[in-house]
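Student: The structure's right below; bear with me while I get my questions together.
The values are calculated or read from the model by the stated rules, or taken from the named source; none is laboratory data. All figures in this text were calculated on a predicted structure; none of them were measured in a lab. Note: ideal-geometry Cβ built from the backbone for every residue, glycine included; neighbour counts use all protein chains shown.
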Amino acid sequence: MNETAPAKMDRHPIFDQIEKFLKNKTGVAGLIIIVFFTLAAILAPLLTPYDPNENALYEQLKPPVWAEGGAVKNMLGTDDMGRDLLTRMIYGARVSLTLGVVSVGIAFLIGSFLGAIAGYYKGWPDSLIMRIMDIILAFPHILLAIVIVAYLGPGLRNAMIAIGIINIPRFARIGNFGGG
């Protein structure tokens, strides 16, 4: 009998998936880019010497480093208020990352809970929950998000809630293993 066969069978399938992923150059490149931008967003205060909201009126509309008159001090230049554009982009990534994580978290928690209830109890709870999910899915996502934000009011917190609500049906459908 082959000595390596039992060792291969004892191995967890996740290692096969990781090995397969590491052979995919495009997937690895994508992962590196995602990790780079995520770390840049998380470590923004350590990476940037400027405050993203601080005005420097004598530094207005400076060109990027590769253009004539550009300086390494402001690699991507400055805006009309003299704020460093690279700093503002890195801090903006923090907002985008927060919005994505919180809105998906809301959708995941509520949707999985509703889907689990529908799948476990079957019958009328399943029908009621899934019909409500159908109603949410029937509306165009952007229109529903605008209605929710109009009702709750403007702001990042309300935008995260709206995005979370419109994505609840996706998780509810996945969580409802045996139902409709």
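Student: Filter segment 1-30 down to residues that are among the charged types (D, E, K, R) and not in a helix (DSSP H, G or I) and give me whichever is modelled with the highest pLDDT.
Tutor: The selected residue is R11.
Student: If you take the residues of segment 46-76 that are surrounded by 10 or more Cβ atoms within 10 Å (Cβ to Cβ) and in contact with a Pro (Cβ under 6 Å, 6 or more places away or on another chain), which of them is farthest from G92 (Cα to Cα)?
Tutor: Among those that are surrounded by 10 or more Cβ atoms within 10 Å (Cβ to Cβ) and in contact with a Pro (Cβ under 6 Å, 6 or more places away or on another chain), it is G70.
Student: Report whether or not I33 is in a helix (DSSP H, G or I), out of contact with any Asp or Glu (no Cβ under 9 Å at 6 or more places or on another chain), closer than 30 Å to N167 by Cβ and at pLDDT below 95.
Tutor: Answer is no for this residue.
Student: Sort out for me the helices (runs of 4 or more DSSP H) sitting completely within segment 86-180 that have 2 or more residues that are of a type in the set (V, I, T), under 30 Å from D51 (Cβ atoms) and in contact (Cβ under 8 Å) with a residue 40 or more places away in the chain. Full working, then the answer.
Tutor: Working: elements: 123-138, 141-152, 156-175.
Answer list for segment 86-180: 156-175.
Student: Here is a follow-up. Tell me, please, whether a residue that is out of contact with any helix residue (DSSP H, G or I) (no Cβ under 8 Å at 6 or more places or on another chain), within 20 Å of G100 (Cα to Cα) and hydrophobic (A, V, I, L, M, F, W, C) can be found in segment 122-143.
Tutor: Checked against the condition, which is being out of contact with any helix residue (DSSP H, G or I) (no Cβ under 8 Å at 6 or more places or on another chain), within 20 Å of G100 (Cα to Cα) and hydrophobic (A, V, I, L, M, F, W, C), segment 122-143 yields at least one hit.
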